[in-house]
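A.B. asks: First the structure, which I've put down as structure tokens, then a few questions once you've had a look.
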Amino acid sequence: MLNLMIVDDEPIIIKGLTNIVEKSNIPFKEIVNACDGLDALEKMAAFKPDLIITDIEMAEMNGLDLIREAQDKQLCKRFIILTGYEEKIYLREAIRRKVIDYLLKPINKAEFLNLLSEVCLEIVHEQSANRPKAALAEESPLLPEGKRCQMSRNIRRVVEYIDRHFTQDLSLDMIAVHVELHPNYISGLFRKETGLTFIHYLHLCRIRKAKQLMLSDEDISFQTISEEVGYENVRHFFTVFKKYAGVTPGEFRELYRQTLREIH
């Protein structure tokens, strides 16, 4: 899944674009917003956006300067400009900076989503060309090593237990028995130290495994996948997958099938 950053000094524009993308089937895992170029640059190093949609005229740093800085520092290489300005000087600079597109407000929703879909496929195509098929579903660790090191011994034990047994019918009570702590204590401490609830982390582990199964075997059924990752009910698996992946299992599989066909 991909990361998107939206940069605009008008909160209503940010909210509108975010809603459009979140309600679509376009596979952006996370969307981060920034109010101007400086704000975007501060967030970019940690967030690592695959695509940036930016306005031009903003207070602290305009969109074109943001693009230049981001390109020079190799923080992002794909940009879409969304602005109310048609000035040729802006357009010429945008072309010089090789932005993907220069859109004028107000946007055409269908054209906007079609453009994002094409960009996503291009990104996935590039990523999949550089790594084995079985690795396509691999993402950054759910809990990076640095974060794990900061967790208490008890929560590290809980996380390790979930990582090993997430395909089973796992419950907080079962884990509590294993680590010899009260379930309510584990629940509160887990959320405090990881930023996730127990069930949220469990679902993320299962969905990641489901993606890997889909990409390692194109013919495996969704029923089999749901059972292998810990869901007895395939409908429940579909609901959870859509919630955490942003697309249905079928849409996820088809997206990568299209990409692999293009590669070969």
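A.B. asks: Mind checking which of Met44, Met61, Met174 has the largest fluctuation in a GNM of the chain, springs on alpha carbons under 10 Å?
C.D. replies: Judging by the Gaussian network model, the answer is Met174.
A.B. asks: Counting other C-beta atoms within 10 Å, and keeping those with at most 15, which DSSP coil GluC sites (Glu not before Pro) do you find in the range 148-249?
C.D. replies: Sparse-neighbourhood loop GluC sites (Glu not before Pro): Glu180, Glu218, Glu232.
A.B. asks: What whole-number value in Å² describes the accessible area per residue of the chain for a 1.4 Å probe?
C.D. replies: That works out to 53 Å² per residue.
A.B. asks: While we're on this one: How high is the relative contact order of the chain? Use alpha-carbon pairs under 8 Å, at least six apart in sequence, and give a whole percent.
C.D. replies: With pairs under 8 Å counted, the relative contact order is 16 percent.
A.B. asks: In the range 156-264, what percent of the accessible surface is made up of carbon and sulfur (1.4 Å probe, ligands and nucleic acids excluded)?
C.D. replies: Whole-percent figure for carbon plus sulfur exposure: 48.
A.B. asks: Which pairs in the list Lys147/Lys243; Lys73/Lys147; Lys29/Lys209; Lys43/Lys77; Lys77/Lys105; Lys211/Lys242 are over 21 Å apart, alpha-carbon to alpha-carbon?
C.D. replies: Exceeds cut-off: Lys147/Lys243; Lys73/Lys147; Lys77/Lys105.
A.B. asks: Next question. Evaluate the relative contact order of the range 144-236 (contact order divided by residue number), counting alpha-carbon pairs under 8 angstrom at least 6 apart; express in whole percent.
C.D. replies: 27 percent
A.B. asks: Kindly provide the helix-only [θ] at 222 nm of the chain, computed as the sum of -39,500 (n - 2.57) over DSSP H runs of four or more divided by all residues, to the nearest 500 deg cm²/dmol?
C.D. replies: -18000 deg cm²/dmol
A.B. asks: Match the structure shown to one of the listed values (i) -0.67, -1.06, -1.18; (ii) -0.61, -1.14, -1.22; (iii) -0.49, -1.02, -1.13 of log10 I(q)/I(0) by the Debye sum over Cα atoms at q = 0.10, 0.15, 0.16 Å⁻¹, computed from it, and give that label.
C.D. replies: Only one listed value fits the structure, namely (ii).
The values are calculated or read from the model by the stated rules, or taken from the named source; none is laboratory data. Since we're looking at a predicted model, the values are computed, not measured. All Cβ positions, glycine included, derive from the backbone under ideal geometry; neighbour counts span all protein chains shown. These area figures cover heavy atoms from the full protein model, side chains too; ligands, DNA and RNA do not enter into them. Shrake-Rupley method; radii C 1.70, N 1.55, O 1.52, S 1.80 Å.
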